[in-house]
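For reference, the structure is listed below as structure tokens.
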Amino acid sequence: MSPLFGIHIPKTAGTSLRIALDQSIPKQVRYIYRSPPGMHYQRFIEVNKNNLDEQTVVYGHYSYGIHEPLGYQPRYFTVLRNPIHQALSLYRHEYRVKQSVYNEQMTSYTIAGFFQDPPAMIFNNPITRLLAGQLNQRETGQWYLEFEADLDELLEKAVQHLLSSFVFVGFTETIRKDIHRLEKITGTKITINAHNVDPSPIPIDTLSEEDYSAILQSTVFDRKLIQQFKSTL
């Protein structure tokens, strides 16, 4: 059996899940992040090609498809979130966290301007792009596209991948309930606590019409993706 590949979509309780996995199965988890405890995406493939077992959990910032260069069958899990909340939370993260990759650019943006002309495609339908296999992160932390494709095609790929290759899909809004299904797959107790939470989130109902409209436009396909996936449950 293949290892378990966990895609950490930014701002979906992924840091909370990473810490929970590290506490529950520390010897089994290997990370793909641009900084410790992780290893860069390309370096991880070089080191671990055909060198993992079914007990291994590979977790981090990468997109669907890593199983192929590593030499395994697809066996994935992830956590999804309301795309509007995810988008606004990721914007806030880049704005408030000095170590974030795009932080220095943030002061030049309004909320609407940011989503209308983002510095990277991680801020435009990121859930669809990651689950379709289009987005990955450089060693510098910047996000880039592995290939060009229109969003209709990416949506079709992402839905297909979710339905055929994911053994667990949870939701941020119900993660403490959903995690029991992942516990059955990993064979261990996983206790989720909140980490990396925005202390001053922007309430959706305080956004201007222009800001809200820009966020809606930048999440059209992510919202379609979750709607289509939920219809199959």
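The values are calculated or read from the model by the stated rules, or taken from the named source; none is laboratory data. Fair warning: this is a prediction, and the values are worked out from it, not measured in the lab. Here Cβ is always computed from backbone atoms with ideal geometry, including for glycine, and neighbour counts include all displayed protein chains.
Within region 120-143, which residues are more than 14 Å from the chain's Cα centre (by Cα) and of a type outside the set (Gly, Ala, Ser)?
Arg138, Glu139, Thr140, Gln142
Kindly evaluate Pro119 against the criterion of being surrounded by fewer than 19 Cβ atoms within 10 Å (Cβ to Cβ) and out of contact with any Ser or Thr (no Cβ under 7 Å at 6 or more places or on another chain). Break it down into steps so the answer makes sense when it comes.
Working: surrounded by fewer than 19 Cβ atoms within 10 Å (Cβ to Cβ): yes; out of contact with any Ser or Thr (no Cβ under 7 Å at 6 or more places or on another chain): yes.
Against the criterion (surrounded by fewer than 19 Cβ atoms within 10 Å (Cβ to Cβ) and out of contact with any Ser or Thr (no Cβ under 7 Å at 6 or more places or on another chain)), Pro119 qualifies.
Check Lys11, Lys49 and return the single one that is among the charged types (D, E, K, R) and surrounded by fewer than 18 Cβ atoms within 10 Å (Cβ to Cβ).
Working: Lys11 fails: surrounded by fewer than 18 Cβ atoms within 10 Å (Cβ to Cβ).
Only one candidate qualifies: Lys49.
Right, Ile127: under 26 Å from Thr186 (Cβ atoms) and β-branched (Val, Ile, Thr) or not?
yes
Every residue in region 10-48 that is touching a strand residue (DSSP E or B) at 6+ places or on another chain (Cβ under 7 Å), of a type outside the set (Ser, Thr, Tyr) and closer than 22 Å to Arg81 by Cβ, please.
Ala13, Gly14, Leu17, Arg18, Leu21, Asp22, Val29, Ile32, Arg34, Gly38
Enumerate the pairs (first residue in region 156-168 and touching a residue at least 60 places away in the same chain (Cβ under 8 Å); second residue anywhere and among the hydroxyl-bearing types (Ser, Thr, Tyr) and assigned to a strand (DSSP E or B)) with beta-carbon separation below 6 Å, excluding pairs fewer than 6 apart on the same chain, so at least 6 apart or on different chains.
Short answer, once both residue conditions are applied: Ser165/Tyr76; Phe166/Tyr76.
Return the residue satisfying two criteria in turn: it lies in region 177-190 and is over 17 Å from the mean Cα position of the chain (by Cα) and surrounded by 12 or more Cβ atoms within 10 Å (Cβ to Cβ), and of such residues it is nearest to Ser231 (Cα to Cα).
Looking at residues that are over 17 Å from the mean Cα position of the chain (by Cα) and surrounded by 12 or more Cβ atoms within 10 Å (Cβ to Cβ), I get Arg181.
Consider Glu94 against the criteria (1) surrounded by 20 or more Cβ atoms within 10 Å (Cβ to Cβ); (2) out of contact with any Lys or Arg (no Cβ under 9 Å at 6 or more places or on another chain); (3) modelled with pLDDT of 95 or more: it satisfies all of them except one. Which criterion is unmet?
(3)
It is to be established whether one or more residues within region 205-214 are hydrophobic (A, V, I, L, M, F, W, C) and modelled with pLDDT of 95 or more. Give the steps one after another, and end with the answer.
From region 205-214, those hydrophobic (A, V, I, L, M, F, W, C) are 207, 214; that's our starting set.
Narrowing further to those that are modelled with pLDDT of 95 or more: 207, 214.
Checked region 205-214: at least one residue is hydrophobic (A, V, I, L, M, F, W, C) and modelled with pLDDT of 95 or more.
Residue check: is Tyr109 surrounded by 18 or more Cβ atoms within 10 Å (Cβ to Cβ), free of Cβ contacts under 8 Å to residues at least 24 places away in the same chain, in contact with a helix residue (DSSP H, G or I) (Cβ under 8 Å, 6 or more places away or on another chain) and not basic (Lys, Arg)?
So Tyr109 does not fit the description; no.
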